[in-house]
Amino acid sequence: MIYTVTLNPAVDYVVTLDTFTPGAVNRTKSEAVVFGGKGVNVSLMLKALKTESTALGFIAGFTGEVIRAGVEASGVRCDFIALESGISRINVKLHAGEETEINGSGPEIPPEKLEFFFAQLHALKETDTLVLSGSAPRSLPQDIYARIAQCAAEKRARLVVDASGALLTSTLPYHPFLVKPNREELSALFGEPADTDEAVLALAGKLQAQGAQNVLVSMAGDGALLRTAEGAVYRAPAAKGTVVNSVGAGDSMVGGFLAGYEKSGDFAEALALGTAAGGATAFSVGIAGFQKIMAIHESVRAGVQRIG
């Protein structure tokens, strides 16, 4: 079973306007409500690609119940932990010529609820995959990602990490199966440019030297690069289409990659499906569906090359 962790899930309110004027009354052109958080997005993409998963994390208040109901209505199994106080976040995604995000903070997670969460993780098995993605709420310990990674390692579960900065690096001693920084996160992590394939691959190698097994780097319009534990290097072209909403595209890449790898055990196929899934979501409001992904999958797949 694949388990996804979203420590701070959200309701995303996506609004589109022709123009936006601060300090004035603005009228929306279109509106959509999307149930999100990075791990939830991965689960939704896995479901779209006919791969089962269970979504873990914390929810609170009326927004938390809306998130649970919405995710379950999409066919994803949820095992969220309900908190007694606070509300799950509402994030505003504003599109008016450019993307602007206003993200909520979310509820505080008390120690006893965190211990219940770790009890869930102690049920992991060697055949399971744990996807750890997104930011951590301020109420949680700073070493929360390391503690989760350690638990996965002790259970010999496959660990996938999509995070930035210290959250990512704290998991590396536990040898995650896959890490997925984007190019900007990779550059910021080492304070070095990542503006060429060679530079990206060199920094990916540094992550491997610190413990990562396979490194998948998303590069928006420049496609994606994958450096495997065996030293093979694959490159995928970007999917072709009009970007509608980039929120969730990186999560969709993770979900597509895992779905492809679960079915084939082949890195090239996993990279192709991951890149197609990420692109399809970028061309959609919310997580893309199966038909939209498959419509661009073959063209991406044909462009995947082993370059090293």
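Quick note: the coordinates plus some simple rules give every number you see, no bench work behind them. None of these values were measured; they are calculated from a predicted model. Positions of Cβ are backbone-derived with ideal geometry, glycine not excepted, and every protein chain shown enters the neighbour counts.
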query = Given the C-alpha centroids of region 9-40 and region 288-308, what is the distance between them in whole angstrom?
reply = 29
query = So what's region 1-61 giving for Rg/Rh, alpha carbon basis, Kirkwood Rh from the mean inverse pair distance?
reply = 1.16
ask   = So what is the relative contact order of region 2-306, in percent, for Cα pairs below 8 Å that sit 6 or more residues apart?
value = 15
query = Given the options Ala220, Ala163, Ala69, which has the most mean-square fluctuation in a GNM of the chain, springs set between C-alpha atoms less than 10 angstrom apart?
reply = Ala69
task = Write down Rg/Rh for region 190-267, rounded to two decimals, with Rg from the C-alpha atoms and Rh from the Kirkwood relation over Cα pairs.
result = 0.97
note = XL table Lys50/Lys155; Lys38/Lys180; Lys29/Lys292; Lys50/Lys263; Lys240/Lys292; Lys50/Lys292; Cα-Cα > 18 Å flagged, in table order, is Lys50/Lys155; Lys29/Lys292
ask   = How far is the Cα center of region 133-152 from the Cα center of region 201-223, in Å?
value = 21
ask   = Rounded to the nearest 500 deg cm²/dmol, what is the calculated helix-only ellipticity per residue at 222 nm for the chain, with -39500 (n - 2.57) per DSSP H run of length n ≥ 4?
value = -12000 deg cm²/dmol
remark   = Ordering 82-88, 192-198 by per-residue average of other C-beta atoms within 10 angstrom, highest first, gives 82-88, 192-198
inquiry  = If I take the Cα coordinates of region 219-308 and project them onto the principal axes, what are the three extents in Å, biggest first?
reply    = 37, 25, 20
request  = Arrange the following residues from fewest to most other Cβ atoms within 10 Å of their Cβ: Val33, Val5.
outcome  = Val33, Val5
